[in-house]
1. Working only within segment 1-22, note down all residues that are without any contact (Cβ under 8 Å) to a residue 12 or more places away in the chain, out of contact with any Pro (no Cβ under 8 Å at 6 or more places or on another chain) and outside any loop (DSSP other than H, G, I, E, B).
2. If I go through segment 23-55 residue by residue, how many of them are of a type in the set (Ser, Thr, Tyr) and within 10 Å of the chain's Cα centre (by Cα)?
3. Go through (1) at pLDDT 80 or above; (2) surrounded by 10 or more Cβ atoms within 10 Å (Cβ to Cβ) for residue 10 and report which single condition fails.
Amino acid sequence: MGVCNVHEWELPVSGAEAGLLIDGLSGGTDPLWPRHDWPAMLLDGPPAPGAAGGHGPVHYTVAAYVRLIG
């Protein structure tokens, strides 16, 4: 059985700034992921459809990604 888990965050920044933050997910300087509290998020490429990865024992594949433009 598959699981569909949708995350939505409200960020107090412009759309362009939010896009840059989201583009940095799983990168070395990822400012969004709570890496001090959770295992690091790792993806095998930038956030884009088909990118695979996860954090700790949780594994997932990016199904869709819509870039925000301010």
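1. If the condition is that a residue be without any contact (Cβ under 8 Å) to a residue 12 or more places away in the chain, out of contact with any Pro (no Cβ under 8 Å at 6 or more places or on another chain) and outside any loop (DSSP other than H, G, I, E, B), then 20 is the only one that fits.
2. 1
3. For residue 10, the exception is condition (2).
Yes/no matrix, rows are residues, columns are (1) outside any loop (DSSP other than H, G, I, E, B); (2) closer than 24 Å to residue 17 by Cα; (3) without any contact (Cβ under 8 Å) to a residue 12 or more places away in the chain:
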residue: 31; (1), (2), (3): no, yes, yes
residue: 35; (1), (2), (3): no, yes, yes
residue: 39; (1), (2), (3): no, no, no
residue: 42; (1), (2), (3): yes, yes, no
residue: 47; (1), (2), (3): no, yes, no
residue: 63; (1), (2), (3): no, yes, no
residue: 66; (1), (2), (3): no, yes, yes
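The values are calculated or read from the model by the stated rules, or taken from the named source; none is laboratory data. The structure presented is a predicted model; accordingly, all values stated were derived computationally and were not measured. Cβ sites come from the backbone with ideal geometry, for glycine too, and all protein chains shown count toward neighbours.
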